[in-house]
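The values are calculated or read from the model by the stated rules, or taken from the named source; none is laboratory data. Everything numeric here is computed off the predicted structure, so don't read it as measured data. All Cβ positions, glycine included, derive from the backbone under ideal geometry; neighbour counts span all protein chains shown. Side chains are part of the model used for accessible areas, which takes the heavy atoms of the whole protein and leaves out ligands, DNA and RNA. Shrake-Rupley method; radii C 1.70, N 1.55, O 1.52, S 1.80 Å.
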Amino acid sequence: MRLWIDTDVGDNPDDAVALRCAHFHPEVELVGVSTVDGDHDRRVELAGSLVDAPVYRGDDRDLAAIVEAAHPEVLLAIGPLTNVAALVAAGTTVPR
């Protein structure tokens, strides 16, 4: 499965555990991670240390194009739905 994760990693250990599980799962190809809610630079750095996948600031103006270009089959939102709402508003085909 081609997976994109949108996360607010860094506030509690649950998102870090989810990122590591996705990273090591044999049936998951983690095609991208975006950060949401707050200090994006810190979150990007932390997420990047946990996975071997591209990590993007959730407030990146090109996030919709970046997500579409990655062709995820599933988008997993494990933080506030701010980025998901922006993707929908931008007309991005959000995988279900």
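Given a 1.4 Å probe, how much area per residue of the chain is accessible, in Å²? Kindly include the intermediate steps, with their values, before the conclusion.
Working: 5320 Å² over 96 residues.
Per residue, the chain has an accessible area of 55 Å².
Using only Cα atoms, locate the centre of segment 1-17 and the centre of segment 20-93, then give the distance between them in Å, rounded to an integer.
Each part's Cα centre sits 9 Å from the other's.
Need one number: convex hull volume per residue for the chain, Cα atoms only, in Å³.
Residue-normalised Cα hull volume stands at 81 Å³.
How far is it, in nm, from the label point at Asp39 to the one at Glu68 when both lie 7 Å from their Cα along the line to the Cβ?
My value for the distance between the label points is 3.4 nm.
So, counting K/R as plus one and D/E as minus one, what does the shell of residues with Cβ under 13 Å around Leu81 add up to?
Overall, the nearby charge balance is -3.
Net charge near Leu46: determine it from the other residues with C-beta under 12 Å of the C-beta of Leu46, scoring Lys and Arg +1 and Asp and Glu -1.
That works out to -3.
Note down the nm distance, to one decimal, between modelled labels 7 Å out along Cα→Cβ at Thr82 and at Ala18.
1.6 nm
Give the relative contact order (percent, whole number) for the chain; include only Cα pairs under 8 Å separated by 6+ residues. If you can, show how the numbers build up before the last one.
Numbers: 169 pairs, mean separation 33.9, N = 96.
Here the relative contact order equals 35 percent.
Calculate the spin-label point distance for Glu27 paired with Arg57, positioning each point 7 Å from the Cα along the beta-carbon direction, and give it in nanometres.
With each label placed 7 Å out from Cα toward Cβ, I get 3.7 nm.
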